[in-house]
Amino acid sequence: MVTGETDPTAFEGTLLIGWDGERVHWIAVGADGVHDHGIETEIATLTDLSRRFSSAATVKLSLLRPVSSLMPAAVAAGIEPHVLDLQHGPHDQSQSSRTFLSDRLGEGLALIESGHFGSDDLFLKAFPLGQWASSTLAAIESGMNEVRTGEWAHTVHIDMAQGRALMMRFDAEALRWCSVTEDVAGDGILYHVVNSFHREGVDPTSVPCRVVFSGGIDEDSPIVQQFNRFFAAVERQAAHAELAESALLMHLVK
């Protein structure tokens, strides 16, 4: 666990809690930025965190890079529980789904996530006033805001974590593709990104494209070198780089 000098009894900011399927990520954010953050290997530590930050004004709960599906909200309405099965095959029956909506991406968009949203919700038991939010959807909204004011015809965002990556591709007008993969070894991520262009008949080496990495990655990572061979502009996102895999949660701070 990473600890700082925060006096939690005086903390009245926003507490972000993320679950990646194996670990609890948490970030305490105040008016002047990140006060403290950490990663816990036991889900039972949720109770300790709820006591430690009992004075938090807001608690946001999020799954980190979960299996999810995107579609227009009007299409998803009424069939949300079946969308994941249609796109990904039968899901783990121990998990349920939750739908998050956005009107910041043009037409209304629904993102359906698979996770621990059932009656035995350990996160809400620890934080009864907590609110479930989608860090994936928040990252898409942030990426779209960025490309609307940028100069690149295409932008790819890749958020890396241990054994999983969230990939998003935008043009100047819209989100073109979003996917989560566990195929992070070798050329897996590069293949998925390049293939997303090819499915639309676009040669990624012939169009202006910027690739931005974030999460648990550094500039010397082999995957960065792989992308440098195909794309002219490859960079690591500087904002909140010290938070590594947990930084995805910061998109929830609005």
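Read the figures in this text as sums done on the coordinates, not as results from a lab. It should be emphasised that the depicted structure is a prediction, and the values quoted were computed from it without experimental measurement. As a convention, Cβ positions derive from the backbone with ideal geometry for all residues, glycine included, and neighbour counts pool all protein chains shown.
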*Fewest first, what order do ILE79, ILE39, ILE27 take by the number of other Cβ atoms within 10 Å?*
ILE79, ILE39, ILE27
_Rounded to 5, percent antiparallel among DSSP beta bridges of the chain_ = 65
*Pull up all non-local amide H partners of VAL234: gap of 5 or more, or a different chain, and H-to-H distance under 5 Å with H placed in the peptide plane.*
VAL211
*asked:* About the Cα centre, and with charges only on the beta carbon of Lys, Arg (+1) and Asp, Glu (-1), how big is the dipole of segment 78-192? Nearest 20 debye, please.
replied: 160
*asked:* Test of understanding: in a Gaussian network model of the chain with alpha carbons linked when under 10 Å, which of LEU70, LEU129, LEU49 would top the mean-square fluctuation ranking?
replied: LEU129
*Once you've got the GNM for the chain with C-alpha springs shorter than 10 Å, pick whichever of HIS25, HIS88, HIS37 has the biggest mean-square fluctuation.*
HIS88
*Based solely on its DSSP helices, what 222 nm [θ] is calculated for the chain when runs of n ≥ 4 H residues each add -39,500 (n - 2.57) and the sum is averaged over all residues, nearest 500 deg cm²/dmol?*
-6000 deg cm²/dmol
*Taking H placed 1.01 Å from N in the peptide plane, check which residues at least 5 places from SER221 or on another chain put their amide H under 5 Å from its amide H.*
none
*State, as an integer percentage, the relative contact order of the chain based on alpha-carbon contacts under 8 Å between residues 6 or more apart.*
16
*Estimated inter-spin distance, GLU242 and GLU146, nm [label 7 Å along Cα→Cβ]*: 2.0
*For ARG65, list long-range residues whose amide hydrogen, built 1.01 Å from N in the peptide plane, is under 5 Å from its own amide hydrogen.*
THR136
